[in-house]
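J.: I'd like to ask some things about the structure below.
The values are calculated or read from the model by the stated rules, or taken from the named source; none is laboratory data. Since the structure is predicted, the reported quantities are computational estimates derived from the model, not experimental observations. With ideal geometry, Cβ positions are generated from the backbone for all residues, glycine too; neighbour counts draw on all protein chains shown.
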Amino acid sequence: MAYQGKPIHAEWSSSFAFILAATGSAVGLGNIWKFPYIAGENGGGAFVLVYLACIAVIGIPVMMAETMLGRRSRQSPINGLASLADQENLSRRWSGLGWLGVAAGFLILSFYSVVAGWAVAYVFKMAAGTFTGMEGPAVDAVFGAMLAQWHVVLGWHTLFMVLCFLVVARGIRSGIEQAVRVLMPLLFLLLLLLVAYAYHLGDFGRGLSFMFTADFSALSGEAMLVALGHAFFTLSLGMGAIMVYGSYLPRRASIAGTTFLIAGADTLVALLSGLAIFPIVFATGLEASAGPGLLFQTLPYVFGQMPAGAFFGTLFFLLVSFAALTSGLSLLEPAVAYLVENRDWSRRKATAVLTFSIWALGLCSVFSLNLLADFYPLGFIEPLEDKTLFDLFDGLSSNIMLPLGGLLIALFAGWRMHQASSRDELAMGRGYRVWRFIVRYVSPVLIALVLAYGLGLFQAIGLL
Ligand code: PHE
């Protein structure tokens, strides 16, 4: 059966544009908000090492597989997997993997946008000097008060979704590509400035040794699995974002080469974020293990105590907002591409309908911070007894849907697709055999471990 959608004709103007866009997708709240706090919670150095290994062993090969599937199909993930399945004489049910990705994108963007909204709000709070000289408990109270007012959280969430809409509706070249061409260089510049600030005014030596002195006795089994799961989230793998961006990649570009650059840039940003954050946290006499509040509670307090803190704090939250925006775009794009292919809709209309739907789904996360803060929908299942809707969306998508998507991608590319097809599309000479070995044998096993962990199997059988 021939496939029904129209093919995507859009293409990045160069492979560099793809690198910028995919790096924009990868670099996000995962790098600047999640990475430093999970590294902090899990003791620093040893965790960082395991995370780096996960990026190399799972992240890079799976990212190559995902880009390869996108470019070979030149369609949105849902249609693309259906037509690849046709080409390879496989069941069209593989398009279900595309649907899984779209569903994951919906869920992730719905809460991602809420957190991104906080970051945007903090740009203004910082610029207004709200935290200058403020005591710790008062800083915490500012955050608490914001979350408690649903209309405030909703307002920032709405603003962030509108920004995503404005860019994605304009298309690949004049929308996403234009945005990342401006935002990504700015992002790197801001980050370097902040590292320089931390170097001059913070306890840089302690920051460095915290991140790079590996104390393996502090590393729990759980921490290793967290590192593995995070490698997925931070590289935007397993939900079709990289696949759809890959579908716009020019034929002549090297998939292996671009992937190394993207994964390298993402890792560099995570490490530099740590080097911007930990030294100033330590210099203020605080600890790194504050958890999710590290960014919105510890850090504003720290900036409030530092010289020129309001200025650099504003830059910091601007950096977080830019990073979140370029990731938000890629969370929206797989679904938009699908609707544009399958309906007679303009891109603008498709983007508007999807943005609105995700915005509406985001209300669950908005209200779970205030009106529904005591609502635990799955409270009858023991490990989920204190999880709000927000927590469940995050957990379901990051711990289950992304690894599952990544596992299926590895299986499709490594086991189901003909070797001749992947060899041809990757066109990478001798490295191909290494890639194929990893995608067939190494990544699936390791991903299955994360997945089992996400599903709580380990707790259930008492291993952790
Ligand atoms: N990689 C993004 C981050 O680190 C999150 C993301 C996940 C984006 C999945 C797109 C797809 O914040």
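J.: Quick one: in the stretch 154-191, which of the residues that are part of a helix (DSSP H, G or I) and over 21 Å from the mean Cα position of the chain (by Cα) is nearest to Thr314 (Cα to Cα)?
T.: Only one residue tops the list, namely Gly155.
J.: So, in the stretch 225-246, how many residues would count as being assigned to a helix (DSSP H, G or I) and at pLDDT 80 or above?
T.: Adding up the residues that qualify gives 15.
J.: Okay, next question. If Glu333 satisfies every condition in (1) surrounded by fewer than 22 Cβ atoms within 10 Å (Cβ to Cβ); (2) within 16 Å of the ligand (Cβ to nearest atom); (3) of a type in the set (Asp, Glu) but one, which is the exception?
T.: The single condition Glu333 does not satisfy is (1).
J.: Sort through Gly379, Gly429 and tell me the only one that's among the small types (Gly, Ala, Ser), modelled with pLDDT under 95, in a loop (DSSP other than H, G, I, E, B) and within 24 Å of Ala56 (Cα to Cα).
T.: Testing whether each residue is among the small types (Gly, Ala, Ser), modelled with pLDDT under 95, in a loop (DSSP other than H, G, I, E, B) and within 24 Å of Ala56 (Cα to Cα) leaves just Gly429.
J.: Here's another thing I want to ask about it. Given the options Leu189, Leu183, name the one that is hydrophobic (A, V, I, L, M, F, W, C) and in contact (Cβ under 8 Å) with a residue 60 or more places away in the chain.
T.: Leu183
J.: Go through (1) in a helix (DSSP H, G or I); (2) away from the ligand (no atom under 12 Å from the Cβ) for Tyr112 and report which single condition fails.
T.: For Tyr112, the failing item is (2).
J.: Kindly state which helices (runs of 4 or more DSSP H) lie completely within the stretch 1-101 and contain at least 1 residues that are more than 16 Å from the ligand (Cβ to nearest atom) and under 25 Å from Met401 (Cα atoms).
T.: Once the helices (runs of 4 or more DSSP H) in the stretch 1-101 are filtered for at least 1 residues that are more than 16 Å from the ligand (Cβ to nearest atom) and under 25 Å from Met401 (Cα atoms), what remains is 35-41, 45-54, 60-73, 77-87.
J.: Something else: In this structure, is Trp345 in a loop (DSSP other than H, G, I, E, B), modelled with pLDDT of 90 or more, more than 25 Å from the chain's Cα centre (by Cα) and of a type outside the set (Val, Ile, Thr)?
T.: Yes, satisfied.
J.: Please pick out the residue among Val366, Val336 that is assigned to a helix (DSSP H, G or I), in contact (Cβ under 8 Å) with a residue 24 or more places away in the chain, in contact with a Phe, Trp or Tyr (Cβ under 7 Å, 6 or more places away or on another chain) and of a type in the set (A, V, I, L, M).
T.: The unique qualifying residue is Val366.
J.: Just to be sure I understand, how many residues within the stretch 204-252 are more than 12 Å from the ligand (Cβ to nearest atom) and of a type in the set (Gly, Ala, Ser)?
T.: Within the stretch 204-252, residues that are more than 12 Å from the ligand (Cβ to nearest atom) and of a type in the set (Gly, Ala, Ser) number 12.
J.: Would you tally the residues in the stretch 21-75 being β-branched (Val, Ile, Thr) and closer than 17 Å to Ala218 by Cβ?
T.: Number satisfying all stated conditions: 3.
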